[in-house]
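Structure first, then comments.
The values are calculated or read from the model by the stated rules, or taken from the named source; none is laboratory data. If you're wondering where the values come from, they're calculated on a predicted model, not measured in any experiment. Please note: Cβ atoms are built from the backbone with ideal geometry, for glycine as well, and neighbour counts cover all protein chains shown. When the accessible area is computed, the model is the full protein with side chains, heavy atoms only, and any ligands, DNA or RNA have been set aside. Shrake-Rupley method; radii C 1.70, N 1.55, O 1.52, S 1.80 Å.
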Amino acid sequence: MDLDLGDLYGEVILDHSRKPRNAGALEDPTHQANGHNPLCGDRLHVTLRVAGETIEEIRFEGAGCAISQASASLMTERVKGMDTAAIASLSERFRALVKGEDVDEDAEPELDKLEVFSGVGEFPMRVKCATLSWHTLAAALEGRETAS
Ligand code: ZN
């Protein structure tokens, strides 16, 4: 394996894990869910306010490895203001990216900054760390209390 953890924990990931964006909990969420990744011990609680089909506000609280917390931070930054259909499609593309599958570069919405997680595919144990926040968001939007 050519990659080491230094490559995986790139600058953007380290920055977001140390200074998470949208940290905390909304006082008046319309949706919320808990996420747990037993393989690593990562935990997340995501609260959001949805108006119509649009995510107006989203925050998260959590504890766990740098990948899981940075992924949650980058996710909240990315999905704020997006509509839920676009988020579902973005979530699918993100999952393919971290699993090391082919991702259609021309598809919308673009992954943008989320591409910093492309190295995760080299570390299968870390895939669930990176996708936990997206599973938890999906659970919240579907009205489930916990991600599975
Ligand atoms: Zn983890």
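Selection of first residues in the stretch 34-54 that are outside any strand (DSSP E or B) and of second residues that are near the ligand (Cβ under 10 Å from one of its atoms) and open to solvent by 70 Å² or more (accessible area, probe 1.4 Å), restricted to Cβ pairs under 6 Å at least 6 apart or on distinct chains, gives the following pairs, ordered by first then second residue: LEU39/LYS128.
Restricting to the stretch 99-140, name every residue that is more than 17 Å from ARG78 (Cα to Cα), touching a residue at least 40 places away in the same chain (Cβ under 8 Å) and of a type in the set (Lys, Arg).
Listed by number, the residues that qualify are ARG126, LYS128.
One line per residue, one yes/no per condition, for (1) of a type outside the set (Lys, Arg); (2) touching a helix residue (DSSP H, G or I) at 6+ places or on another chain (Cβ under 9 Å); (3) farther than 20 Å from ILE13 by Cα:
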| residue | (1), (2), (3) |
| --- | --- |
| LYS80 | no, no, no |
| LEU90 | yes, yes, no |
| GLU105 | yes, no, yes |
| GLY119 | yes, yes, no |
| PHE123 | yes, yes, no |
| SER133 | yes, yes, no |
| ALA139 | yes, no, yes |
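When the test is whether a residue is at pLDDT below 95 and of a type in the set (Phe, Trp, Tyr), PHE94 does not pass it. For ALA33, the stated conditions hold: it is under 20 Å from LYS128 (Cα atoms) and either away from the ligand (no atom under 16 Å from the Cβ) or open to solvent by 40 Å² or more (accessible area, probe 1.4 Å) (or both). The set of residues in the stretch 60-72 that are within 11 Å of the ligand (Cβ to nearest atom), part of a strand (DSSP E or B) and not aliphatic (A, V, I, L, M) contains only GLY62. One residue stands out among those in the stretch 111-142 that are in a loop (DSSP other than H, G, I, E, B) and at pLDDT 90 or above: the one that is nearest to THR84 (Cα to Cα), which is GLU142.
Taking residues in the stretch 71-98 that are farther than 17 Å from PHE60 by Cα, and partners anywhere that are of a type in the set (S, T, N, Q) and open to solvent by less than 30 Å² (accessible area, probe 1.4 Å), the pairs with Cβ atoms closer than 7 Å and at least 6 places apart or on different chains are ARG95/THR131; VAL98/THR131. Hey, any hits in the stretch 81-101 for a residue that's basic (Lys, Arg), open to solvent by 50 Å² or more (accessible area, probe 1.4 Å), assigned to a helix (DSSP H, G or I) and over 16 Å from VAL127 (Cα atoms)? Within the stretch 81-101, none of the residues are basic (Lys, Arg), open to solvent by 50 Å² or more (accessible area, probe 1.4 Å), assigned to a helix (DSSP H, G or I) and over 16 Å from VAL127 (Cα atoms). Condition check for ASP7 on (1) modelled with pLDDT of 95 or more; (2) open to solvent by 60 Å² or more (accessible area, probe 1.4 Å); (3) among the acidic types (Asp, Glu); (4) outside any loop (DSSP other than H, G, I, E, B): one failure, at (1). Taken over the stretch 34-64, the criterion of being touching an Asp or Glu at 6+ places or on another chain (Cβ under 6 Å) and of a type outside the set (Asp, Glu) is satisfied by HIS45, ARG49, THR54, GLY64. One residue stands out among those in the stretch 45-59 that are open to solvent by 10 Å² or more (accessible area, probe 1.4 Å) and of a type outside the set (D, E, K, R): the one that is nearest to the ligand (Cβ to nearest atom), which is HIS45.
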